[in-house]
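Here's the structure we're looking at; comments come further down.
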Amino acid sequence: MPERFLGIDTSNYRTSAAVYDAESGAWQNEGGLLTVPEGAIGLRQSDALFQHTVRLHEKIEALPQGEVRAVGVSTRPRAVEGSYMPCFLAGESVARSAAHLLSVPLFAVSHQQGHIAAAALSTGRLELLDGTFLAWHLSGGTSELLLVQAGADGLPDCTCIGGTTDLAAGQLIDRAGALLGLPFPSGAALDKLALEAAPEKGYRPKVADCRFSLSGMQNQVENKFKIAEPTQMARFTLETVANAVVKATEQAQQQYDCPILCAGGVMASEVIRARMRAAFGDAVSFAEPVLSGDNAVGVAVLAARLYERNKQ
């Protein structure tokens, strides 16, 4: 029987299903963004849940058929008490039904843990999951600097040690994109614009104990929008986020001398990646763009690891 594992992730913005082969390391992810009304910068949970319910079967049917050893599914945003979003119920329902009918184990993980595992796989460093490292989860709704350690349950144990105290980086980017008339989510389009601009220092938010506020940055971005070309405004926004992320990482490295792994859709930005590479060199690793954003591959990887652990 092949060492294949099914992963399912129904986040607030993307429906994803993936198959991971633990023997070869090969994977296939089928995902698609949810439909957001033009001009909007998000979805109500009821709308996201409905879209996942309608579309998830299409993602699973696009995967190659064959037996699987286990099913993994993300059931909540983060592995902390009280973390909950209704959109994950769509994936959990299908995963539980599939595991029951196939008579295989079901493993529930958090969306954040899936991000971390996908990034580790993408960089060819799954061994990181067995040790201690710093990780950024920088996405539409989350901007956290994490201290990640191998948990007693076999999953990444993520402790938030820094990041934003209010507005997430992805929210700032999407609001900048809305001003420019870009589609939602705006990260990829904003990054493309920014790469056409001249070098820009951006604004430097205050960072203390690895934490920073981005809520006031919206005014800075709106002011830039009034006086600068779209490309320069886009560059200003991303450089501002990069300034905060780099400074927080520097402060964390003074306490924890370990590798840095970057995950989340915002971390697909070439502007932010370039700044992180310049600051931390070989100590920092990035997931490839398709595994940086929301995907089900990391969930399938964790299912494979938990399956192997339970065999022992």
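The values are calculated or read from the model by the stated rules, or taken from the named source; none is laboratory data. Nothing here was measured: the structure is a model prediction, and the numbers come from that model. Note: ideal-geometry Cβ built from the backbone for every residue, glycine included; neighbour counts use all protein chains shown. Each accessible area value is taken on the protein alone, full model and side chains, heavy atoms only, with ligands, DNA and RNA left out. Shrake-Rupley method; radii C 1.70, N 1.55, O 1.52, S 1.80 Å.
If you add up the charges near residue 60, with Lys and Arg at +1 and Asp and Glu at -1, over every other residue whose beta carbon is less than 15 angstrom from its beta carbon, what do you get?
Net charge around residue 60: -1.
Under the Karplus relation 6.51 cos²θ - 1.76 cosθ + 1.60, θ = phi - 60°, what is the ordered set of whole-Hz ³J(HN,Hα) values for the stretch 209-214, x standing for Gly and Pro?
Running phi through 6.51 cos²θ - 1.76 cosθ + 1.60 with θ = phi - 60° gives 6, 6, 10, 8, 10, 10 Hz.
What does the charge add up to near residue 264, with Lys and Arg as +1, Asp and Glu as -1, over the other residues with Cβ less than 14 Å from its Cβ? Write out the running numbers ahead of the final one.
Values: positive: 14, 78, 273; negative: 9, 144, 174, 191, 288, 294.
Net charge around residue 264: -3.
For 206, 224, 192, give me the order by solvent-accessible area with a 1.4 Å probe, most accessible first, ignoring ligands, DNA and RNA.
These residues rank, largest area first, as 206, 192, 224.
With the contact rule set at Cα under 8 Å and sequence spacing of 6 or more, what percent relative contact order holds for the stretch 14-122?
25 percent
Roughly speaking, what is the centre-to-centre gap between the stretch 243-292 and the stretch 27-106 when only Cα atoms are used, to the nearest Å?
Spelled out, the Cα-based centre of one part sits 28 Å from the other.
From the P(r) of the stretch 22-162, can you give the percent of Cα pairs sitting at distances over 28 Å?
23 percent
Under a crude label model (7 Å from the Cα following the beta-carbon direction), how far is residue 35 from residue 167 in nanometres?
Going by the 7 Å Cα→Cβ label model, 3.0 nm.
In percent, how large is the relative contact order of the chain, given Cα pairs closer than 8 Å and 6 or more residues apart?
24 percent
What's the local net charge at residue 108, with K and R +1, D and E -1, over the other residues with C-beta under 14 Å away? Intermediate results must be reported in sequence, preceding the final value.
Values: positive: 76, 78, 96, 305; negative: 9, 92, 153.
Spelling it out: positives minus negatives among the neighbours equals +1.
For the chain, what is the mean residue ellipticity at 222 nm derived from helices alone (per DSSP H run of n ≥ 4: -39500 (n - 2.57); sum divided by total residues; nearest 500 deg cm²/dmol)?
Details: 10 runs with 128 residues, N = 312.
Helix contribution divided over all residues of the chain: -13000 deg cm²/dmol.
Considering amide H positions built from the backbone, and no H for Pro or chain starts, which residues 5 or more places from residue 197, or on another chain, come under 5 Å of its amide H?
The list, which skips near neighbours in sequence, is empty: none.
Run the simple label-point estimate for residue 132 and residue 100 please: 7 Å along Cα→C-beta, distance reported in nm.
4.3 nm
Using only Cα positions of the stretch 67-113, each an equal point scatterer, no hydration layer, compute I(q)/I(0) via Debye at q = 0.17, 0.19 Å⁻¹ and quote the log10 values to two decimals.
With one equal scatterer per Cα and no solvent, log10 I(q)/I(0) is -0.47, -0.57.
If amide H atoms are built 1.01 Å from N in the plane of the peptide, which residues on other chains or at least 5 residues away come under 5 Å of the amide H of residue 72?
Amide H to amide H, under 5 Å and 5 or more residues apart or across chains, residue 72 pairs with 6, 7, 8, 107.
Can you tell me the FRET efficiency between residue 283 and residue 54 if r is taken as the Cβ-Cβ distance and R0 is 41 Å, rounded to the nearest 0.05?
After rounding to 0.05, the efficiency reads 0.45.
Give the lysines reachable from residue 224 as a straight Cα distance under 20 Å; neighbours fewer than 8 places away on the same chain don't count.
List returned: 192, 201, 206.
Fully extended, how many nm does the chain gain between residue 311 and residue 222 (0.36 nm per residue separation, minus their Cα-Cα distance)?
Values: separation 89, 0.36 × 89 = 32.04 nm, distance 5.53 nm.
That works out to 26.5 nm of additional length.
Under 5 Å between amide hydrogens, which residues at least 5 positions from residue 296 or on another chain qualify, with H placed 1.01 Å from N in the peptide plane?
Here the answer is 17, since their amide H atoms fall under 5 Å of that of residue 296.
Tell me which of 214, 184, 197 sits at the most positive position along the dipole axis of the stretch 174-223, charges placed on C-beta atoms (Lys, Arg +1; Asp, Glu -1).
214
Could you tell me the largest-minus-smallest coordinate of the C-alpha atoms of the chain on each of the three principal axes, in descending order and whole angstroms?
Over the chain, Cα extents along the principal axes are 61, 45, 34 Å.
Between residue 178 and residue 255, what is the FRET efficiency for a Förster distance of 30 Å, r being their Cβ-Cβ separation, to the nearest 0.05?
Step by step, r from the Cβ atoms, then E = 0.25.
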